[in-house]
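The values are calculated or read from the model by the stated rules, or taken from the named source; none is laboratory data. Note that the structure is predicted; figures quoted are calculated from it, not measured. Using ideal geometry, Cβ is built from the backbone for each residue, glycine included, and neighbour counts are taken over all protein chains shown. With ligands, DNA and RNA removed, areas are computed over all heavy atoms of the protein, side chains included. Shrake-Rupley method; radii C 1.70, N 1.55, O 1.52, S 1.80 Å.
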Amino acid sequence: MVAKRIIPCLDIDNNRTVKGVNFLNLIDAGDPVELAKIYSDEGADELVFLDITATKDKRKTLSKLAKKISENINIPFTVGGGIKSLDDVSSLLRNGADKISINTQAVKTPNLVNEISLKFGNQCVVVAIDAKFVNDSWFVYLVGGREKTKIKLIDWALEVQDRGAGEILFTSMNNDGTKSGFALDILQKLSDRLTIPVIASGGAGTIQDFTDVFKIGKADAALAASVFHFKEIEIKNLKENLVKNNIKVRL
Amino acid sequence: MKIAIVNYGVGNIMSIEHCLDRLGISHNYTSDPYEILSSNKVIFPGVGDASYAMKKLKNQNLDKIIVDIKHPILGICLGMQLLCKSSEEGDTKCLGVIDSDVKKFDNKNLKVPQIGWNNITELKSKIFKGIKENEFVYMVHSYYVPKSNYTIASSTYGINYSSAINKNNFYGTQFHPEKSGSVGEKIIKNFIEEL
């Protein structure tokens, strides 16, 4: 069977890796290409690069960075942030990205998901969804968590799956940055309802949290940032512990 | 040695190019039939939809060139599937080098596409020289090549399927060696140096 994946996420701002709490208060966490190499050597299964300022600043894609990353690492990586068109996608894939991730733009022009999937295959389309649990429901948020919508998380996930998403990257805004564990209940529901893989994000603080996200949350992959950037959890050690808990990972 | 990567407007070839660069192997990304036929090794990439990819090959008459290649050729991912007879994806007639029909993963308990690292076992070719049984490689696919006499590596995702195939000078890997860390780089190196 396919192994569960551990995915360090690098939030990029002006070509530097940054990390904030609940999408705010950004701290510098290093050079993305250097970090990418280190993670790849330590046993990361994939990497995700998100240009967190791209949407707000209407900046174009990260093609240059994608090329540099692709020159330096030999594991798959996803790039997201500010992707608005097929041309943006094409440029990133041509520069060596394996997948692209779209979030706000997927809500604004849902047909873009269909178009990317038709042209480049659904394996390269990751739809990222930021959601928050408010008044007994999970709602989708846009623009890096700054804009609330009335769209329900599961409805939206099912819709983008139909439109041709190959994976869902779900971030719980309630959990993100708290290091108190992933949003296990909703993850389990998402994973049960969807037929495509789910990448869980938001809340990783301990090795136990990763065990739980695979065993209870039924996630196919777990994404985290600060616990890796600030070396609170070492990937190799994390994976050895997952194996001890009978979770299949690549060692 | 001349290495060609087939250019038919399909496939994410930058990673393959960078992989060859890291190995210090020069290469030529080309759609020129003469260049392809005269190269010592040919890499045949591919991602996305099978029927779209076949159309692109035919538009450049590369479908006839590829089956004529006499040197070792390595189809990667969709490239491997296109070497087969047909694919359930868009009910597509493929190149027919290998007498297999590509099928869709059909198991309600499995996420499709399969995305991630899976083991390869029953390794049978020089392309796997120095590679241990059960090593992990990176796979991204919704369709698979069933096991047959041509299987030189197998993997399991609900069912046991071909993760690599070989007939004469034609080789295929379902996984992406260029994305499979040092194991994948070794497989590419073997393809260039051992076959």
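The shape of the protein assembly as shown comes out prolate: with a ≥ b ≥ c from the C-alpha gyration tensor, a/c is at least 1.5 and a/b beats b/c. Leaving ligands, DNA and RNA out of it, report the carbon-plus-sulfur percent of the accessible area of the range B:115-195 at a 1.4 Å probe. Whole-percent figure for carbon plus sulfur exposure: 44.
What does the charge dipole of chain A about its Cα centre add up to, to the nearest 20 debye, if the Cβ of each Lys and Arg holds +1 and the Cβ of each Asp and Glu holds -1?
On the way: 34 positive and 32 negative charges, 55 e Å.
So the dipole magnitude of chain A works out to roughly 260 debye.
Between the amide H of residue B:92 and those of B:87, distances stay under 5 Å, these residues lying 5 or more places away or on another chain, with hydrogens modeled in the peptide plane.
How many times 2.2 N^0.38 Å is the alpha carbon radius of gyration of chain B?
Against the compact-globule rule of thumb, the ratio is 0.93.
Averaged per residue, the range B:19-134 has 45 square angstrom of accessible surface, using a 1.4 angstrom probe with ligands and nucleic acids left out. Structure remark: mean-square fluctuation, Gaussian network model of chain B, C-alpha springs under 10 Å; the largest value among B:42, B:140, B:102 belongs to B:140. If only the Cβ of Lys and Arg carry +1 and only the Cβ of Asp and Glu carry -1, the dipole of the protein assembly as shown around its Cα centre is close to 320 debye. Charged neighbours of residue A:191, selected by a Cβ distance under 9 Å, balance to +2 (K, R count +1; D, E count -1).
The accessible-area loss of the range A:197-223 on complex formation, taken against its chain alone with a 1.4 Å probe, reaches 10 Å² or more at A:197, A:220. If you wrap the Cα atoms of the range A:5-244 in a convex hull and average its projected area over all directions, you get 11.3 nm².
When chain B is treated as a GNM, springs tying every alpha-carbon pair under 10 Å, which of B:26, B:86, B:100 comes out with the largest mean-square fluctuation? Maximum among the listed residues: B:26. Just A:63, A:201, A:172 to compare: in a GNM of chain A, with alpha carbon springs under 10 Å, which one fluctuates most? The residue that fluctuates most here is A:63.
Across the range A:170-186, coupling constants 3J(HN,Hα) worked out from phi with the 6.51/-1.76/1.60 Karplus curve, θ = phi - 60°, read 9, 10, 7, 5, 5, 9, 4, x, 8, 6, 10, x, 6, 7, 5, 4, 6 Hz, and Gly and Pro carry x.
Quick check: Cα centre of the range A:114-144 to Cα centre of the range B:11-34, how many Å? About 33 Å separates the Cα centre of the range A:114-144 from the one of the range B:11-34.
For the range B:173-195, a decrease in accessible area of 40 Å² or greater in the assembled protein chains relative to the isolated chain, with a 1.4 Å probe, applies to B:179. In plain terms, the chain from residue B:107 to residue B:124 could stretch by 3.3 nm, reckoned as 0.36 nm per residue minus the Cα-Cα distance.
Once the Cβ-Cβ distance of residue A:216 and residue A:134 is raised to the sixth power relative to R0 = 25 Å, the FRET efficiency obtained is 0.65. Of the chymotrypsin sites (Phe, Trp or Tyr not before Pro) found in the range A:207-242, the ones in coil according to DSSP and having at most 16 other Cβ atoms within 10 Å of their Cβ are A:230. Take the accessible area of chain B alone and of chain A alone, subtract that of the pair, and you get about 2600 Å² summed over both chains, using a 1.4 Å probe.
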